[in-house]
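Take a look at the structure set out below.
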Amino acid sequence: MSWNPFNRLIAAPRKSVIPRTEERDFEREVHKIEVLDEATKRLAKDMKKCNECMHTLSKAQSKITQDLAASPVCQSEDELKPLDELNNGVYKLENLTQELNSNAYKTMVEPMKKFSTIFPNIYSSLKKREQLLQEYRKSQAKVEKYQDRDKTGTNIAKLETSKKSLNTAKEEYESLHQPLVDELPKFFEDRIEYFQPCFEALIKSQIEYYTDAYKLFDEMSGQLSDGGQAMTVTNDAYEDQLHMKLNEIRALSIVVDD
């Protein structure tokens, strides 16, 4: 929502109905609400994207291990038999990912959606306030118009009627404006008490997921190494071995480029 209180369709009265500093302060509070609204929607949207990415990654891991397990090479080579354990491990990891995504939806997406339902009511009140402010200014301008005219019986009567309308417009405006002045800053500050438990629950879920995933990968690493012993080869040494094997494969006549 783009709030522009300066877009006036009527001539402004000579006497401002509200102080300019008060109007600027109110505009700042409205802007903060707009930013909060956009941030809340973005949080829910980004969390949904994160869940989708986690789901896609989990499915890709599962597909890779299933293809490996179904490969004739893996089925015929004894050294590759432990890949069955990898398939089982990835299946467990997929269940962990589903649980994490479920927790993320409950702790972030759903609360953000519920929080976003508040903003339409706020914007409705702001729109009503703007309409009442326009009426207030219009009434003030009308009073000033009749004050400048000759003091005839007709003009005096119209002036008194305009003053009554001005008082009514002022009361209606202030009855909505003052609660907004009081409650908008409070609503903005209270967001912390609402968001903090959501973030805390999400972080705890992520800690539990990555802890369990680490234990699972550590277990699979031991099962896939020779004799069931934990792998002691460093990452650099393993990468060197991998490059060596690839070079041996490239040296075969069947893969030599013409």
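Could you list, in sequence order, all residues of region 122-138 that are free of Cβ contacts under 8 Å to residues at least 12 places away in the same chain and over 14 Å from Val30 (Cβ atoms)?
Residue satisfying the conditions is Gln131 alone.
Within region 148-164, can one find any residue that is touching a residue at least 24 places away in the same chain (Cβ under 8 Å) and of a type outside the set (Ser, Thr, Tyr)?
Within region 148-164, the subset touching a residue at least 24 places away in the same chain (Cβ under 8 Å) is none.
For region 148-164, residues touching a residue at least 24 places away in the same chain (Cβ under 8 Å) and of a type outside the set (Ser, Thr, Tyr): absent.
Applying the selection to region 22-43, what residues are hydrophobic (A, V, I, L, M, F, W, C) and either under 19 Å from Ile192 (Cα atoms) or open to solvent by 30 Å² or more (accessible area, probe 1.4 Å) (or both)?
Across region 22-43, the qualifying residues are Val30, Ile33, Val35, Leu36, Ala39, Leu43.
Look at Asp46 and say whether it is assigned to a helix (DSSP H, G or I), of a type in the set (D, E, K, R), open to solvent by 50 Å² or more (accessible area, probe 1.4 Å) and under 30 Å from Gln178 (Cβ atoms).
Judged against the criteria, Asp46 is not a match.
Name the single residue that is modelled with the highest pLDDT among those in region 136-186 being closer than 30 Å to Phe119 by Cβ, open to solvent by 90 Å² or more (accessible area, probe 1.4 Å) and of a type in the set (Lys, Arg).
Looking at residues that are closer than 30 Å to Phe119 by Cβ, open to solvent by 90 Å² or more (accessible area, probe 1.4 Å) and of a type in the set (Lys, Arg), I get Lys186.
Taking region 221-241 as the search range and keeping residues that are in a helix (DSSP H, G or I) and open to solvent by 90 Å² or more (accessible area, probe 1.4 Å), which one is modelled with the lowest pLDDT?
Within region 221-241, the match that is modelled with the lowest pLDDT is Asp226.
The values are calculated or read from the model by the stated rules, or taken from the named source; none is laboratory data. Quick caveat, the model's predicted, so the values are computed rather than measured. Using ideal geometry, Cβ is built from the backbone for each residue, glycine included, and neighbour counts are taken over all protein chains shown. Just the protein is used for accessible areas: all its heavy atoms, side chains included, with ligands, DNA and RNA removed. Shrake-Rupley method; radii C 1.70, N 1.55, O 1.52, S 1.80 Å.
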